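Presented below is the structure to which this report refers.
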Amino acid sequence: MGKLSDAKLRKMVGRPSGLTKAVQHTDGGGLVLEQSPKGKLTWLYRYRINGKPQRVKLGSYLQRSQGQELLGHMCMATARQMRDQCRLWLDQGKDPRVELALKKQAHIRPVTLKDALLYWYENYAVKHRTNHVKNLAQLEKWILPEIGMLPLERLETHHWLPIFDEMSAAYPVAAANVLQMCKQALKYCSLRQFAVNNSLSNLTPSDVSKGAESRDRVLSDRELADLWCCVNRQKLPDYYQEILRLAVVFGCRTGELRRSRWTEWDLEGRTWTIKETSKAGNRVVRPIPERVLPWLRQLNSQFGSTGYLLGQLKQDATVSQYCRLLWKHFDHREPWTAHDIRRTVVTRLNELGVAPYVVEKLVGHTMGRVMAVYNKAHYVAEQEQALNLWLDHLELIRDRYLK
């Protein structure tokens, strides 16, 4: 019959062949058109693997005049393109039958951005990120409603940018964090061959957010005295009084206290050991000064049965918002946040002559370079000396400014 043509195929399609079995017409290069006795035309590709003949269905014939091709239907030009693709797969050592099946599956149910982000969340974030609930809330608020439904293979950089522009206008730091989170998620999916997309590969936090200025707010001794006096005189709601009092003493993150359970606290051995709630996921061991034990025993008598140090688990946003407005309560001139208290403790301890590595251990920072790998000491005795020195300083400034 020679090479096929649209003119020949139009005469064949839908017309009974008058034969009792299917007839195959070759087009060259392994492409075959099979004609059924009732006139149905089907594209096949014939090839060999390890010397054994194989064949795979490419789709049904569709005339060009019938308009846009349907799933599983193709005109002669498309069938020839598919033949060339199959030959390329063979040259690459791939089985065309397998590759076509994978391509069909991806077409029927493509992996969406939502699929990829949730795959990362369920398999990585839940296990390794202490703020994974907050991370999911950010994705559900900003990313998933806008582009979550897009197939990953069609997702491009320009789809992300309007989202980050809007987010950065109100929350510049959060926008940069969400970008880093999404980049990590896509890399995680790629490494595990769940799905591949490089639309965020070239973006950096500075591309999507001007960022917040690096904060250098440190409370003055007078401001610190106001806070220390207040949390020791029952002038705040109980929950916030305790979280702030312990934050001032230990220089810890409020999140570590907010999520802390009594299983972390050894009142007899006078140590506070955390793992799951530390930001970096590293084990943090802090000594409990003698002067702090009465407060903790009182808390234990009140809330020990709840399991939580502070009796309940409040949301991060709730605690942050309350602490963010405390500077007004004290009539301080400049705003400060709970994290500024942490910076104040670190700064003042260094000014008091405490060795930097002891301060870093106390506040739960990861040690740098070689020390992070080889030095696993917690310096508990040195930390306790630093805490007692710090408590003395707090009492001193309280007496100096608030006689």
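The values are calculated or read from the model by the stated rules, or taken from the named source; none is laboratory data. Predicted model only: the values in this text are computed from it and were never measured. Here Cβ is always computed from backbone atoms with ideal geometry, including for glycine, and neighbour counts include all displayed protein chains. In case anyone asks, the SASA skips ligands and DNA or RNA and just uses the protein heavy atoms, side chains included. Shrake-Rupley method; radii C 1.70, N 1.55, O 1.52, S 1.80 Å.
Quick notes on this one:
- Of the residues making up segment 76-97, those that are of a type outside the set (Lys, Arg), assigned to a helix (DSSP H, G or I) and open to solvent by 70 Å² or more (accessible area, probe 1.4 Å) are GLN81, ASP84, LEU88, ASP91.
- Within segment 241-274, the residues that satisfy the criterion of being open to solvent by 10 Å² or more (accessible area, probe 1.4 Å), closer than 22 Å to TYR379 by Cα and either in a loop (DSSP other than H, G, I, E, B) or in contact with a Leu (Cβ under 6 Å, 6 or more places away or on another chain) (or both) are ARG253, LEU267, GLU268, GLY269, ARG270.
- Condition check for ARG154: open to solvent by 50 Å² or more (accessible area, probe 1.4 Å) and farther than 30 Å from LYS314 by Cα: yes
- Of everything in segment 269-302 that is within 17 Å of GLU360 (Cα to Cα) and among the aliphatic types (A, V, I, L, M), the residue that is modelled with the lowest pLDDT is ALA280.
- Qualifying residue in segment 203-211 (condition: in a helix (DSSP H, G or I) and either touching a Phe, Trp or Tyr at 6+ places or on another chain (Cβ under 7 Å) or open to solvent by less than 50 Å² (accessible area, probe 1.4 Å) (or both)): yes
- Count of residues meeting criterion [in a loop (DSSP other than H, G, I, E, B), open to solvent by less than 50 Å² (accessible area, probe 1.4 Å) and polar (S, T, N, Q)] in segment 299-348: 1
- Unique match (being free of Cβ contacts under 8 Å to residues at least 12 places away in the same chain and not aromatic (Phe, Trp, Tyr)) among ARG259, ARG286, ARG233: ARG233
- Per-region count, segment 344-367, residues of a type in the set (D, E, K, R) and at pLDDT 95 or above: 2
- So LEU100, is it at pLDDT 95 or above, surrounded by 12 or more Cβ atoms within 10 Å (Cβ to Cβ) and part of a helix (DSSP H, G or I): no
- Hits in segment 324-362 - residues which are among the small types (Gly, Ala, Ser) and within 21 Å of ASP392 (Cα to Cα): GLY353, ALA355
- Verdict on ARG15 being at pLDDT below 80 and not small (Gly, Ala, Ser): yes
- ARG233 passes every criterion in (1) within 19 Å of SER320 (Cα to Cα); (2) part of a loop (DSSP other than H, G, I, E, B); (3) not β-branched (Val, Ile, Thr) apart from (1).
- Selection within segment 24-40: residues that are more than 28 Å from ASP91 (Cα to Cα) and open to solvent by less than 40 Å² (accessible area, probe 1.4 Å). The member of this set that is modelled with the lowest pLDDT is GLY39.
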